[in-house]
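For reference, the structure is listed below as structure tokens.
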């Protein structure tokens, strides 16, 4: 049974309205989420997956802001294309149906239309390629770095080594569910988080000691595969103090879900205090004993 042209046109229009409303709701939810991040016991904003999250996590670095912008830019472009095609289909069904045109047209080509539908997609591709290349170049800019951290993936934990801070090299494991304390997140909180300063360019040297892993922190725009025998780079500059969670999103074995990434970003003064204590512990052959939250508490008490 064929659908009536008017009914089909109405259906296409409704689908377009639903798509527009969905995109608008996504944008509103993203804005509300960015404004209402939860905080932990140390008063730091927590950048982690939230219930009913519909969009990317709130951007906390220049690269992630560019990724978020690119996502919305391409999405609106796709919406425009789909809406145009839907309107054209509805128009054709309504205007050129058999009832209104009992004698079929013998027209097979139209030079103007063929030129338009060749040039318009080409222009759209250029409109996508240019900002895409800018984003690629932005991600590959490792100049003027403040510090470098070597990240090594293992089955199933991470190893962090601070270049320029002799001996500060430690492993980071997921905290078992039965050892979690209030405020810690199952499958995301780590026993030794990576501690970095706010507002400084940090370059990660990413590799693996065994199989393929993936160093992925959504809110910072960091995503690089850890490949044995190779070193890949990725940089970030964290905009504000907070706790940023990620994970290995590569299926790297039976316990691949036990490779969380926890990054604690501290103001420079607190970071330097933590690093000084970490160096002192390293000189004695120990992993950093002081937790970054303790450094915050010490400074707030003063």
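Name every residue in region 202-230 that is in a strand (DSSP E or B) and within 13 Å of residue 265 (Cβ to Cβ), in order of residue number.
Here is the first cut: in region 202-230, the residues in a strand (DSSP E or B) are 202-208, 213-217, 222-226, 228.
Answer for region 202-230, where residues must be in a strand (DSSP E or B) and within 13 Å of residue 265 (Cβ to Cβ): 202, 217, 222.
Look at region 118-149 and say how many of its residues are under 25 Å from residue 80 (Cα atoms) and either in contact (Cβ under 8 Å) with a residue 40 or more places away in the chain or surrounded by 12 or more Cβ atoms within 10 Å (Cβ to Cβ) (or both).
8
Any idea which of 296, 212, 188 is in contact with a strand residue (DSSP E or B) (Cβ under 9 Å, 6 or more places away or on another chain) and not assigned by TED's automatic domain parsing to the domain that holds residue 165? Let's see the steps before the verdict.
Values: 212 fails: not assigned by TED's automatic domain parsing to the domain that holds residue 165; 188 fails: not assigned by TED's automatic domain parsing to the domain that holds residue 165.
So the residue among 296, 212, 188 that is in contact with a strand residue (DSSP E or B) (Cβ under 9 Å, 6 or more places away or on another chain) and not assigned by TED's automatic domain parsing to the domain that holds residue 165 is 296.
Are there any strands (runs of 3 or more DSSP E) wholly within region 97-174 with 3 or more residues that are assigned by TED's automatic domain parsing to the domain that holds residue 73, farther than 18 Å from residue 203 by Cβ and within 22 Å of the chain's Cα centre (by Cα), and if so which?
Details: elements: 147-154, 157-163, 169-172.
By residue number, no strands (runs of 3 or more DSSP E) qualify.
Among the residues of region 267-278, are any assigned to a loop (DSSP other than H, G, I, E, B), surrounded by 19 or more Cβ atoms within 10 Å (Cβ to Cβ) and assigned by TED's automatic domain parsing to the domain that holds residue 159? Walk me through how you get there before you give the answer.
Of all residues in region 267-278, those assigned to a loop (DSSP other than H, G, I, E, B) come to 267.
If we keep only those that are surrounded by 19 or more Cβ atoms within 10 Å (Cβ to Cβ) as well, we get none.
Checked region 267-278: no residue is assigned to a loop (DSSP other than H, G, I, E, B), surrounded by 19 or more Cβ atoms within 10 Å (Cβ to Cβ) and assigned by TED's automatic domain parsing to the domain that holds residue 159.
All but one of (1) buried (at least 16 other Cβ atoms within 10 Å of the Cβ); (2) more than 18 Å from residue 152 (Cα to Cα); (3) in contact (Cβ under 8 Å) with a residue 60 or more places away in the chain hold for residue 263; which doesn't?
(2)
Among the residues of region 196-207, are any more than 27 Å from residue 293 (Cβ to Cβ) and in the same structural domain as residue 174 (by TED's automatic domain parsing)?
Quick first cut of region 196-207, residues more than 27 Å from residue 293 (Cβ to Cβ) only: 207.
Next cut, in the same structural domain as residue 174 (by TED's automatic domain parsing) only: 207.
There is at least one residue in region 196-207 that is more than 27 Å from residue 293 (Cβ to Cβ) and in the same structural domain as residue 174 (by TED's automatic domain parsing).
Among the listed residues 264, 243, which satisfies the condition of being assigned to a strand (DSSP E or B), touching a helix residue (DSSP H, G or I) at 6+ places or on another chain (Cβ under 7 Å), under 20 Å from residue 171 (Cβ atoms) and outside the structural domain of residue 46 (by TED's automatic domain parsing)? Give the derivation first.
Details: 243 fails: touching a helix residue (DSSP H, G or I) at 6+ places or on another chain (Cβ under 7 Å).
That would be 264, the only listed residue that is assigned to a strand (DSSP E or B), touching a helix residue (DSSP H, G or I) at 6+ places or on another chain (Cβ under 7 Å), under 20 Å from residue 171 (Cβ atoms) and outside the structural domain of residue 46 (by TED's automatic domain parsing).
The values are calculated or read from the model by the stated rules, or taken from the named source; none is laboratory data. Please read all numbers here as calculations on a predicted model, not as lab measurements. Every residue, glycine among them, receives a Cβ derived from its backbone with ideal geometry; neighbour counts consider all protein chains shown.
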